[in-house]
1. Can you order the peptides 125-133, 644-652 by their average number of other Cβ atoms within 10 Å per residue, highest first?
2. Just to confirm my numbers, what's the Cα centroid distance between the stretch 376-435 and the stretch 524-587 in Å?
3. Give me the percent of DSSP beta bridges within the stretch 231-387 that run antiparallel, rounded to the nearest 5.
4. Report the full-extension gain for the segment K173 to E479: residue separation times 0.36 nm, less the Cα-Cα distance, to one decimal in nm.
5. Enter the accessible area per residue of the stretch 720-803 (Å², integer; probe 1.4 Å; all protein chains in place).
6. Please compute the per residue accessible area over the stretch 138-297 with all protein chains in place, 1.4 Å probe, rounded to a whole number of Å².
7. If you roll a 1.4 Å probe over the heavy atoms of the protein chains, what accessible area per residue do you get for the stretch 411-470, in Å²?
8. Hey, what number do you get for the chain at 222 nm if only DSSP H runs of n ≥ 4 count, each worth -39500 (n - 2.57), divided across all residues, to the nearest 500?
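The values are calculated or read from the model by the stated rules, or taken from the named source; none is laboratory data. Bear in mind the structure is a predicted one, so any value in this text is a computation, not a measurement. As a convention, Cβ positions derive from the backbone with ideal geometry for all residues, glycine included, and neighbour counts pool all protein chains shown. Ligands, DNA and RNA are stripped out before the accessible areas are found, and what is left, the full protein with its side chains, is counted by its heavy atoms. Shrake-Rupley method; radii C 1.70, N 1.55, O 1.52, S 1.80 Å.
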Amino acid sequence: MHPEELAPKQAESAANVEDLDELAEAEFTALGKRARRVDGLRKSTGKEVYTDDIVLPGMLHGKILRSTEAHANIVSIDTSKAEALDGVHAVITGRDMPLAYGIIPWTRDEHALCLDKVRFIGDAVAAVAAIDEDTANQALELIDVEYEPLPAYLLAEHTLTEEAAAQPIHEPKKPGRNGNILKQVNLEFGDVDALMAASDVIVEGAYFFHGTTHTPIEPHCAIGRLNQNGLLEVWSSTQVPHYLHRELARVLDHDVAKIRVVQPAVGGAFGGKSEPFDLEFCVALLAMRSGRPVKILYTREEVFYSHRGRHPMHMQYKLGASSDGTLKALDAKTILDGGAYASFGLVTTYYSGQLLTSPCHIESYRFDSTRVYTNVAPCGPKRGHGSVQPRFAYEISLDKIAEKLEMDPFEIRRKNFMGVGRTINEFKVQSNGFLECLEAVERASDWKNRYRQMEHGRGLGVAASSYISGTNYPIYPNEMPQAAVQVQAERSGRVTVLHGASEIGQGSDSTMAYIACEELGVPLDYVRVFSADTDLTPVDLGAYSSRETVMVGNACANACRNLRALIVGALAEHWTVAADQVVLAQGWAFVRGSGEEDHRIPISAAFNIAETKHGLLGAVGSYNTPKDVHGDYRGGTIGSSPAYSFTAHVAEVEVDSDTGFVDVKNIWVAHDCGRALNPALVEGQIEGSAYMGFAEAIFEEQLFKEGTPEGGLHNAPSLLDYRIPTSLDCPEFEALIVESVDPEGPYGAKEAGEGPLHPSLPAIANAIYDAVGVRMDALPFTPPRVWSALQAASAEAAREDVA
């Protein structure tokens with residue numbers, strides 16, 4: 001049969017025939033373009049299906065009883081009245097799930113429902129499943145819990161006292177240790193003391209980064225069902241289906257092969273859904289106990305108490321430089337307030353120091369970081385995990401050094417640019433567009449003509465950062481691939497991509513589709529993407545640490561290239577030409593430079609020819625990280641990555657000296673993302689990151705009440721009281737893409753979803769100093785705090801005048 005008869009109609013979205021010669025010579029035919037998102041229409045029309053949209057036959061509604069005490073022993077729990085309530089189908093407590101869990105295998109300290117002790121207001125104590133939410137809430141009121149209150153330690157400095165150590169929040173794992181300390185890291189690179197002593201200029205400062213939370217639009221939601229075949233199914237708005245899959249099996253003592261985890265569309269996460277939560281275990285067990293599906297949807301208040309947001313950090317920084325601006329030594333001491341449980345805290349402790357050593361080189365560096373427990377909602381990973389806080393302190397310190405040396409803040413960063421190679425702590429950097437980032441924001445902001453030259457009250461500030469493109473090692477040790485993809489080509493011309501990556505709004509599903517288009521020559525509307533279903537898709541470790549583009553993207557490119565080789569080989573044989581002369585692009589298969597009509601067919605016909613030769617067309621691909629990108633010391637792997645992104649920001653502010661109100665007018669962001677696979681997606685990630693940093697600088701604050709009887713209560717657990725900026729509050733964001741093309745990224749791509757957040761906060765702080773001459777070393781920059789700083793500066797100036 002003639003190939004054209006197999007596919008008489010070409011795709012409407014295929015390229016025009018007259019454009020094929022140009023496509024044959026193009027470096028890319030699908031990538032690098034402003035393509036639509038594959039989920040864009042569903043989301044923009046309100047047709048996307050989120051977890052709470054799913055309604056299963058006979059489904060019950062679950063609710064979780066939460067602690068009213070910040071720190072207490074559980075004396076007894078009586079659930080008999082709740083169990084007797086009409087409409088209640090199951091009630092469970094911690095005794096039903098006694099095994100501890102946690103995202104980090106070495107620090108499992110949390111239970112799905114508390115066993116003997118509660119550690120913060122909001123800790124989960126019991127759960128019920130009932131015919132509707134009202135009945136479930138009524139059942140919670142009938143559960144009688146008797147507590148024995150213990151001293152509550154609400155601030156990091158409180159937990160380090162001898163009194164607190166005597167009644168710790170967690171029992172120490174080894175005798176003689178303080179149970180209130182999760183992790184302490186002390187690492188030194190180079191001779192800090194000697195180089196600090198040799199420095200011509202030294203600045204010291206105490207910095208404070210407040211706590212903030214994620215505020216996703218979608219609350220956490222999970223559904224559990226034990227189906228007719230004995231398969232335990234859990235739908236969840238998680239970022240980590242694979243890790244949830246493993247922990248469900250372990251905590252419930254259930255065969256992992258008989259558990260299915262599905263991640264429907266996720267309505268925002270930002271790190272706040274990147275570990276298992278109590279509701280996922282509860283819906284699973286309640287479904288098993290009741291024999292019916294069970295759904296639990298957090299209230300907004302529960303989202304705030306579940307938290308896992310940004311760690312408050314107290315940071316003491318000492319930075320030394322030579323007279324020419326060379327950075328000689330940095331000595332950093334940090335206390336991290338981790339809240340009630342470990343979460344990712346072990347990693348956070350390392351990240352608070354390990355990720356500061358680029359893009360500027362420092363000749364010596366020491367950091368001492370201690371992560372402590374407190375009796376408030378547990379902290380965890382928020383966009384830019386662990387390194388946003390130290391970057392705030394460091395970039396302000398750089399500004400102070402530049403001022404002492406009478407150097408332009410841009411020039412001190414250029415002076416110490418590390419380039420490519422090894423950082424002081426031995427991380428391997430293979431691409432670095434930082435200088436181009438500096439040049440881009442310097443030019444866009446008209447820095448040279450405006451810095452220190454505007455009227456009082458207006459100022460510019462610069463800051464920079466780098467970030468990882470995925471963690472180099474999985475959370476639990478293993479040698480298997482970090483990502484895998486299956487791809488299938490069907491005779492109609494359709495391509496199906498199955499991958500485990502978690503689409504949380506960042507565009508991972510779309511990115512895999514673009515890669516399939518590039519390698520297999522199909523139009524975007526011919527690609528189907530299925531992701532994050534443990535029964536259907538390969539294992540992926542989840543959406544955290546900006547890993548999806550590099551890791552899953554590499555696996556997808558590998559799979560597509562394997563499939564492409566089969567298709568191209570079959571076509572080369574069919575046309576009797578060399579394989580490197582066959583082109584697949586934008587709906588066509590054709591011979592490069594031929595021009596003959598017989599050497600040009602629709603992509604569906606090409607797939608038919610290949611299927612005739614090979615049978616079913618499918619291929620797999622996987623990716624694992626290089627192992628030569630870090631040092632050989634304890635903790636040297638934490639913070640290592642296949643590739644690093646780089647960012648520079650300039651912020652422009654206007655400060656009202658009478659009120660302390662800071663109006664951020666503009667933020668220019670230049671980000672080195674490697675190759676931009678879709679510039680529109682990259683710009684969206686840049687702007688979203690900068691927005692979140694701006695919000696944390698000016699608006700957000702996660703506060704808990706102190707003192708009795710309300711100690712430990714969240715101060716503002718609603719979107720009405722927890723302030724986040726609307727579109728009317730935002731500055732103008734200008735996203736400037738820099739492409740340095742990394743050899744480890746797919747087509748040279750690196751991350752763009754977290755790195756662009758970091759510099760927003762210190763850039764605003766440095767701009768405030770340029771505007772009014774006051775250093776803001778503690779966040780957030782609320783009107784009362786800025787006004788107080790201005791008043792203190794005026795008083796100090798008056799004292800100096802008198803003296």
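1. Numbers: 125-133: 23.6, 644-652: 31.2.
Averaged packing, sorted descending, gives the order 644-652, 125-133.
2. 36
3. Values: 9 of 21 bridges.
Percent antiparallel among DSSP bridges in the stretch 231-387 is about 45.
4. Details: separation 306, 0.36 × 306 = 110.16 nm, distance 2.83 nm.
Here the segment from K173 to E479 would lengthen by 107.3 nm.
5. Numbers: 3560 Å² over 84 residues.
Ligands and nucleic acids excluded, the figure is 42 Å² per residue.
6. Details: 6480 Å² over 160 residues.
That works out to 40 Å² per residue.
7. Working: 2360 Å² over 60 residues.
So the stretch 411-470 comes to 39 Å² accessible per residue, rounded to a whole number.
8. -8500 deg cm²/dmol
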